[in-house]
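The values are calculated or read from the model by the stated rules, or taken from the named source; none is laboratory data. Keep in mind that this is a model prediction, so the values were computed, not measured. Neighbour counts run over all protein chains shown; Cβ positions are idealised from the backbone, glycine included.
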Amino acid sequence: MVRGAQSKQKQRSQSVASEILSERERSKLAASQKLAQEIFAYREARGINQTQLAELAHVSVMTISRAERGFSISLRNRHKLNAALSSNVTGDTLAGFSNTQKIPGRPQC
């Protein structure tokens, strides 16, 4: 009889743990989707493509692509993107600069 009670308690504990995990996962997913929308909106508003944003943020194009699709990216790359998203650089500004020139508002690493 004691084993049956312990088994039911263990099942309840596992159920509560899975609900908490699901809540955390939902929170992470919501944050990733919000970031994805913000990155896309930023690019569209400024008329720049993923390659230009990647150069501006000092990350790979794959990182931009993953972020825009809602996949997770490293905290370091999130910080770089945040710095880039905070700048006022437009596609017209980027078009006038080569890869070796400093871009106004571009974070320097």
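Mind listing just one residue for me: the one in the range 57-70 that is assigned to a loop (DSSP other than H, G, I, E, B) and small (Gly, Ala, Ser) and, of those, farthest from Lys28 (Cα to Cα)?
So, considering only residues that are assigned to a loop (DSSP other than H, G, I, E, B) and small (Gly, Ala, Ser), the one farthest from Lys28 (Cα to Cα) is Ser60.
Need the failing condition index for Ser65 against (1) at pLDDT 90 or above; (2) hydroxyl-bearing (Ser, Thr, Tyr); (3) touching a Lys or Arg at 6+ places or on another chain (Cβ under 8 Å), just the number.
(3)
Which residue pairs have Cβ atoms under 7 Å apart, sit 6 or more places apart or on different chains, and have a first residue in the range 39-53 that is of a type in the set (Lys, Arg) and a second that is surrounded by fewer than 16 Cβ atoms within 10 Å (Cβ to Cβ) and part of a helix (DSSP H, G or I)?
Arg46/Gly91
Of Lys28, Lys34, which residue is out of contact with any Lys or Arg (no Cβ under 7 Å at 6 or more places or on another chain), surrounded by 10 or more Cβ atoms within 10 Å (Cβ to Cβ) and modelled with pLDDT of 80 or more?
Lys34
Would you point out which residue out of Ile103, Ile73 is at pLDDT 85 or above, in contact with a helix residue (DSSP H, G or I) (Cβ under 8 Å, 6 or more places away or on another chain), surrounded by 14 or more Cβ atoms within 10 Å (Cβ to Cβ) and assigned to a loop (DSSP other than H, G, I, E, B)?
Just a single option satisfies the conditions, and that option is Ile73.
Starting from residues that are part of a helix (DSSP H, G or I) and either at pLDDT 95 or above or of a type in the set (Gly, Ala, Ser) (or both), keep the ones in the range 37-49 and report whichever is nearest to Ser72 (Cα to Cα).
Residue satisfying both the conditions and the ranking: Ala41.
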